[in-house]
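What follows is a single structure, written as structure tokens, with notes after it.
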Amino acid sequence: MAEMTIITGPERRRQWHDAERQRILDAAFAPGAVVAKVARQFDVATSLIYKWRRQEQGELGPTFAPAVVMDGGGVAQRDVSEVVATPPPIRVELSGGARVSIEARAPSALVLAVLRALR
């Protein structure tokens, strides 16, 4: 038998507490979760779940853009006797004020691992 919710009084919309919203968002965006399935489980519209996520992300500020790392960029090997200036490091500043510096000569796998850890 289907379940029905009857809302009485002047307010026609359900009120979601912050803890309920967070629980639904955690379930909807857990690895392997399907938002539509979670929406049916909690009897909420999928669009509302996405709206809540946008609101939550807006409160957190800017987020990271995906990084694309390409191996084999054609960097030529230099002779040891050749004097080479050290290229400037890559600096990433996080929203919390922390900074991470990565040497420009760092292997692409290391850079990728660092960026994934910061995500």
Search segment 21-59 for residues being assigned to a helix (DSSP H, G or I) and small (G, A, S), and hand back the single one that is farthest from E3 (Cα to Cα).
G58
Based on this model, can you work out whether T63 counts as modelled with pLDDT of 70 or more, exposed (fewer than 12 other Cβ atoms within 10 Å of the Cβ) and of a type in the set (S, T, Y)?
no
Within segment 8-27, count every residue that is at pLDDT below 90 and of a type in the set (A, V, I, L, M).
0
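The values are calculated or read from the model by the stated rules, or taken from the named source; none is laboratory data. Values in this document were obtained by computation on a predicted structure and should not be read as measured data. Every residue, glycine among them, receives a Cβ derived from its backbone with ideal geometry; neighbour counts consider all protein chains shown.
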